[in-house]
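K.L.:
Below you'll find the structure I mean.
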Amino acid sequence: MNMYLGVLARILLASIFLGAVSMRLMAIQSAPDGYDQYLALLGHLGLPGIFAPLLILIQLVGGLALLTGFKTKFFAYLMAGFSLFLAVVLGQLDFSVMFLYLGLTGGLLMLALNPVTAFSIDGLKK
C-alpha cells in the first residue's frame, strides 16, 4: 500500500503544475490580447517579460517529469525551488497563496527524499 501512496503523491504534485500551466495557456488563447494580459500581470508582480515563457516552460517540463517519474529527485528539488519563488512573488498579491506554495514546497522536498516510486521511469532502472 505504501508504494502506491508515493505514486499518488507524485501524480497529485505534478497535477498542480500541469493544471496551472494548462489554465494559463487557455487564458492566453481565450482572449485576443491574452498574452499581453499575462505580461501585464507579471509586470505588476515586478517580473520582466522574459519570465512569461520561462514560467510556462518550467511548469510544463517539471510537471511532466514528476508525472512520469523521470529524474524525480532533480525535478522535485527544481520544482521546490520554483514553488518557493512563487510563494515569495505571489505572496505579494495574496498572503494565503504564499502558504499554499510553501506547503507545496514541503511536499516536493518530501518527494525529493523518496524519489523512487512505483510506476515511474526512475523505478524501471532499478
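Values in this text are rule-based calculations from the coordinates and carry no lab data. Just so we're clear, the structure is a prediction, and the values are computed from it rather than from any experiment. Here the Cβ positions follow ideal geometry from the backbone for every residue, glycine too, while neighbour counts run over all protein chains shown.
K.L.:
Indicate the helices, whole DSSP H runs only, in the chain that combine a mean Kyte-Doolittle hydropathy of 1.0 or more with a Cα extent along their long axis of 24 angstrom or more.
P.N.:
Span-like helices here: 2-30, 51-68, 72-90, 95-113.
K.L.:
Same structure, new question: So if we plug the beta-carbon distance of Ile50 and Phe70 into 1/(1 + (r/R0)^6) with R0 = 22 Å, what FRET efficiency do we get, rounded to 0.05?
P.N.:
0.25
K.L.:
If you don't mind, there's one more thing I want to ask. So if I take the centroid of the Cα atoms in segment 74-125 and the same for segment 14-33, what is the distance between those two points in Å?
P.N.:
Comparing the Cα centres of segment 74-125 and segment 14-33, I get a distance of 19 Å.
K.L.:
Now for a different question. Which FRET efficiency, nearest 0.05, do Gln29 and Tyr77 yield, Cβ-Cβ r, R0 25 Å?
P.N.:
Approximately 0.20, to the nearest 0.05.
K.L.:
Report the extension gain between Asn114 and Asp36 in nm, rounded to one decimal, defined as 0.36 nm multiplied by the number of residues separating them, less their alpha carbon distance.
P.N.:
24.1 nm
K.L.:
In addition: Could you estimate the translational diffusion coefficient of segment 2-124 from the Stokes-Einstein equation, with Rh from the Kirkwood formula over C-alpha pairs, at 37 °C and 0.692 mPa s, in whole µm²/s?
P.N.:
D = 219 µm²/s.
K.L.:
Let me ask something else. Suppose only helical runs count, i.e. DSSP H with n ≥ 4. What mean residue ellipticity at 222 nm does that imply for the chain under -39500 (n - 2.57) per run, divided by all residues and rounded to the nearest 500 deg cm²/dmol?
P.N.:
Per the formula, -26500 deg cm²/dmol.
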